[in-house]
Amino acid sequence: MRLFLSLDKPDGQKIEAESLTEPQKGRQSFKLASTMDSVAEVEAAAERMTQSAGLDEDEGFRVAMAVREAAVNAVLHGNGYDPSKQISASFENNGKSLIITIADEGEGLDPEKIPDPLAPENLLRGTGRGIFLIRSFLDEVHFRQLHPGTELTLVKHLSPAAGNHQDADAPQDLDTK
């Protein structure tokens, strides 16, 4: 299986590579098969991103776990392990926030219809906690219907202690297009 990685550098230059294992700067975007191996690749990219952003080990773990849950949902629930469908992922550190986008090519998801995993009737269910964890571990979670597919944009705001050397009182606006 060949993986495709497209890297947009700050100067506008685009680099294409076949590996996600090298540390990268700028925005990384790639498409992967609907497999659990792809989930592991996405999670590893999230771990590298959190390390390069200076997040502590616990916070990096939470971000990587949220990204893993989003990728599992894309592969399993969105694409149904369909080998003809792919997931896409992009990773960006804009200096204020880590912005991770995961998308599938499935039938779509209405986040309002996801059962509350803390409701008494759902407490003993073995599934249904992924979105809850994602929302708990990140600062922002946005859903967008793609027709076909669903896109999750996951945002973790950086603090000055996490390698963001900007003024803590400066506005933390996030421009995600």
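Structure notes:
- Filter pass, GLY108 being over 20 Å from MET49 (Cα atoms), modelled with pLDDT under 90 and under 16 Å from the mean Cα position of the chain (by Cα): no
- Residue in the range 78-98 that is under 14 Å from LEU152 (Cβ atoms), free of Cβ contacts under 8 Å to residues at least 60 places away in the same chain, touching a strand residue (DSSP E or B) at 6+ places or on another chain (Cβ under 6 Å) and surrounded by 14 or more Cβ atoms within 10 Å (Cβ to Cβ) present: yes
- Note on the range 27-56: residues that are assigned to a helix (DSSP H, G or I), touching a helix residue (DSSP H, G or I) at 6+ places or on another chain (Cβ under 9 Å) and charged (D, E, K, R) total 3.
- Positions within the range 109-131 being part of a helix (DSSP H, G or I) and either in contact with a Lys or Arg (Cβ under 6 Å, 6 or more places away or on another chain) or farther than 21 Å from SER38 by Cα (or both), in sequence order: PRO111, GLU112, LYS113, PRO120, GLU121, ASN122
- Residue match in the range 60-71 (condition: touching a residue at least 60 places away in the same chain (Cβ under 8 Å), assigned to a helix (DSSP H, G or I) and small (Gly, Ala, Ser)): yes
- Pairs are defined by a Cβ separation below 6 Å, a sequence spacing of at least 6 or placement on different chains, a first member in the range 102-120 that is farther than 27 Å from LYS31 by Cα, and a second member that is aromatic (Phe, Trp, Tyr); the pairs so defined are PRO117/PHE132.
- Residues that are modelled with pLDDT of 90 or more and of a type in the set (S, T, N, Q) do not occur anywhere in the range 7-22.
- Of all residues in the range 99-108, those satisfying the criterion of being in a loop (DSSP other than H, G, I, E, B) and either in contact with a Lys or Arg (Cβ under 8 Å, 6 or more places away or on another chain) or crowded, with 21+ Cβ neighbours inside 10 Å (or both) are ASP104, GLU105, GLY106.
- Applying the criterion of being surrounded by 13 or more Cβ atoms within 10 Å (Cβ to Cβ), out of contact with any helix residue (DSSP H, G or I) (no Cβ under 6 Å at 6 or more places or on another chain) and not aliphatic (A, V, I, L, M) to the residues of the range 129-141, the residue that is farthest from ILE114 (Cα to Cα) is ASP139.
- Of the residues making up the range 132-143, those that are within 19 Å of LEU98 (Cβ to Cβ), part of a helix (DSSP H, G or I) and hydrophobic (A, V, I, L, M, F, W, C) number 3.
The values are calculated or read from the model by the stated rules, or taken from the named source; none is laboratory data. Everything numeric in this text was worked out from a predicted model, so none of it was measured. Positions of Cβ are backbone-derived with ideal geometry, glycine not excepted, and every protein chain shown enters the neighbour counts.
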